[in-house]
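**Student:** Below is the structure I would like to discuss, written out as structure tokens.
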DNA sequence: TAGATTGTTAATCGATTAACAATC
DNA sequence: TAGATTGTTAATCGATTAACAATC
């Protein structure tokens with residue numbers, strides 16, 4: 001629809017989008033080719049108006065009395081989210097979490113392609129985890145520049161996260177996906193930082209449980 | 001402060017709290033014993049009024065012209081978040097992500113104690129990962145009831161997440177920390193569900209990168 | 001046509017931020 | 001005292017939701 005003037009969607013809208021995609025993919029197996037926001041509302045527990053508002057940011061047109069064409073809707077949301085654009089990434093910190101991310105095949109479904117990982121531990125450097133080569137952190141800057149890497153994933157302990165982030169910034173990384181529980185300082189503001197905030201999620205759980 | 005009438009904090013406030021704790025712990029090593037919201041504002045990039053508003057939900061009193069006592073503030077926020085109350089948990093899905101969570105020693109810092117894990121794969125059942133025993137999923141309900149487990153962590157593929165959630169609900173679990181990218185349906189609403197939403201975080205990154 | 005649905009405008013709600021009195 | 005800071009009240013901002021016209 002519209003899309004003449006490109007107003008970027010509010011962040012809460014962006015955060016709901018993947019839920020729509022995963023839900024819609026589940027419908028693909030079924031007999032229906034169209035889905036209405038009233039049905040989505042029931043299944044997802046979201047307000048139908050909110051769903052329509054969210055979908056208004058996406059390049060799709062619904063049919064009155066019918067709904068949205070499922071397949072096209074999935075494609076449109078994926079395009080909106082940038083999942084169909086490949087983003088080369090490097091990962092720093094090949095510990096438990098880092099390894100889990102490297103093994104998460106699904107990641108390239110989101111357009112993220114981890115081309116290499118870095119660590120400092122001698123036992124890890126030179127090895128491969130889930131097919132991804134691990135090199136010493138001192139080689140990172142060179143690789144980023146050479147391969148024109150856009151995304152850096154930080155899965156090192158909090159104490160080393162800032163140093164890694166600064167190195168990434170200096171090497172020309174465009175965006176950082178940060179799993180360390182600290183707030184990164186980026187001096188120039190040409191690097192976008194997204195914090196995974198697992199501990200925030202866990203804290204909401206703990207807090208609600210406490211007040212039960 | 002107040003705390004006479006216990007108004008639960010807004011969720012955005014709860015989500016910022018862990019950032020405060022991690023930041024404050026970093027200060028403990030330093031020479032200062034007090035911290036002002038103006039200093040926190042500079043270091044964290046948050047509005048100082050917002051920080052004071054957030055702290056108003058916590059059982060702490062600041063000193064005029066001085067700030068908040070760091071050590072007491074940490075303790076107060078941790079208490080607020082329920083990190084100091086132990087919550088026994090079970091984890092279902094001993095794959096990459098599940099293993100990473102089992103290996104994440106830090107988890108008990110947040111009060112989460114994973115007592116056992118479950119899976120269906122014969123190669124995994126009977127083994128231990130990071131010291132945590134893995135049993136067959138068919139034993140789950142019994143263990144939850146016997147050990148009075150409160151928290152269930154779901155790290156299975158999306159296709160099996162709903163079935164696991166329903167089993168947890170029936171067994172009397174109080175809260176679910178869900179890593180599967182689907183919206184869980186809980187029939188009775190006496191189970192609190194917190195979605196980790198890693199893919200939402202990743203989508204914000206991909207979306208921002210697309211519009212760069 | 002009647003009725004279900006989209007898509008938008010307007011109202012509401014809640015969180016953030018500005019302003020400022022109180023304090024030491 | 002002067003000035004920095006807390007803690008709160010009021011204003012602002014933005015997201016959610018209600019209402020409804022347009023459509024098929």
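**Student:** List, shortest first and in nm to one decimal, how far the label point of residue B:147 (7 Å from Cα along Cα→Cβ) is from its counterparts in the other copies.
**Tutor:** Reported distances to equivalent positions: 4.0 nm.
**Student:** Taking each residue of A:190-199 in turn, how many C-beta atoms of other protein chains fall within 10 Å of its C-beta, and what is the average?
**Tutor:** 6
**Student:** If you line up the Cα atoms of the protein assembly as shown on their principal axes, what length do they span on each, largest first, in Å?
**Tutor:** That gives 65, 57, 46 Å along the principal axes, largest extent first.
**Student:** May I ask you to list the residues of region B:190-212 whose amide nitrogen lies under 17 Å from a point 7 Å from Cα along the Cα→beta-carbon direction of residue A:109?
**Tutor:** B:196-204, B:206
**Student:** Where the label is 7 Å out from Cα toward Cβ, how close does residue B:128 come to the same position in every other copy, in nm, shortest first?
**Tutor:** When each copy's label point is compared with this one, the spacings are 3.2 nm.
**Student:** I've got another one for you. Distances from residue A:109 to the same position in the other copies: list them in nm, one decimal, shortest first, using label points 7 Å from Cα along Cα→Cβ.
**Tutor:** 3.1
**Student:** Within the protein assembly as shown, what percent of beta bridges assigned by DSSP are antiparallel, to the nearest 5?
**Tutor:** The antiparallel proportion sits near 20 percent.
**Student:** Angle check, please: helix B:198-210 long axis (alpha carbons) against the longest principal axis of chain B (alpha carbons), in degrees 0 to 90, nearest 10.
**Tutor:** Computed tilt is about 60 degrees.
**Student:** Once the Cα atoms of helix B:158-171 and of chain B are each reduced to a long axis, what angle between those two axes, in degrees from 0 to 90 to the nearest 10, is obtained?
**Tutor:** The helix B:158-171 is inclined about 90 degrees to chain B.
**Student:** What is the average number of partner chain Cβ atoms found within 10 Å of a Cβ in B:105-116?
**Tutor:** Taking the mean over all residues of the peptide, I get 2.
**Student:** How far is it, in nm, from the label point at residue B:29 to the one at residue A:86 when both lie 7 Å from their Cα along the line to the Cβ?
**Tutor:** So the label points at residue B:29 and residue A:86 sit 4.1 nm apart.
**Student:** Something else about it: Can you give me the Kirkwood hydrodynamic radius for region A:75-212, using every pair of distinct Cα atoms, in Å to one decimal?
**Tutor:** 15.8
**Student:** What is the distance in Å between the Cα centroid of region A:80-132 and that of region B:106-148?
**Tutor:** Region A:80-132 and region B:106-148 have Cα centres separated by 27 Å.
**Student:** Give me the percent relative contact order of region A:87-201, please, defined on Cα pairs under 8 angstrom at least 6 residues apart.
**Tutor:** Averaging sequence separation for qualifying contacts and normalising by length gives 24 percent for region A:87-201.
**Student:** Which value at 222 nm does chain A reach when only helices count, each DSSP H run of 4 or more adding -39,500 (n - 2.57), with the total divided by all residues and rounded to the nearest 500 deg cm²/dmol?
**Tutor:** Result for chain A: -13000 deg cm²/dmol, rounded to the nearest 500.
**Student:** Going by the rotation axis that takes chain B to chain A, pick out the residue of B with the closest C-beta and quote the gap in whole Å.
**Tutor:** Whole-Å result, nearest residue of chain B to the axis: B:100, 2.
**Student:** Over every pair of different alpha-carbon atoms in region B:2-108, take the mean of 1/r and invert it; report that Kirkwood radius in Å.
**Tutor:** Working: mean 1/r = 0.0645 Å⁻¹.
Hydrodynamic radius (Kirkwood, Cα only) of region B:2-108 equals 15.5 Å.
**Student:** Right, next: Percent relative contact order of region A:11-81, based on C-alpha pairs within less than 8 angstrom and at least six residues apart?
**Tutor:** 41
**Student:** What FRET efficiency comes out for the pair residue B:171/residue A:159, r = Cβ-Cβ distance, R0 = 25 Å, nearest 0.05?
**Tutor:** Efficiency at R0 = 25 Å is approximately 0.05.
**Student:** Counting pairs of alpha carbon atoms under 8 Å apart in space and at least six apart in sequence, what relative contact order in percent does chain B give? Numbers along the way, then the final one.
**Tutor:** Values: 287 pairs, mean separation 28.6, N = 212.
Value for chain B: 13 percent.
**Student:** Something else: Region A:158-211 to region A:1-75: how many Å between their Cα centroids?
**Tutor:** First find each Cα centre; the distance between them is then 30 Å.
**Student:** In µm²/s, what is D for region B:127-203 at 25 °C and 0.890 mPa s, where D = kT/(6 pi eta Rh) by Stokes-Einstein and Rh is the Kirkwood radius from Cα pairs?
**Tutor:** 186
No lab work stands behind these numbers, since they all come straight from the coordinates. What you see is a predicted model, and the numbers here were worked out from it, not measured in a lab. Cβ coordinates were reconstructed from backbone atoms using ideal geometry, including for glycine residues, and neighbour counts include every protein chain displayed.
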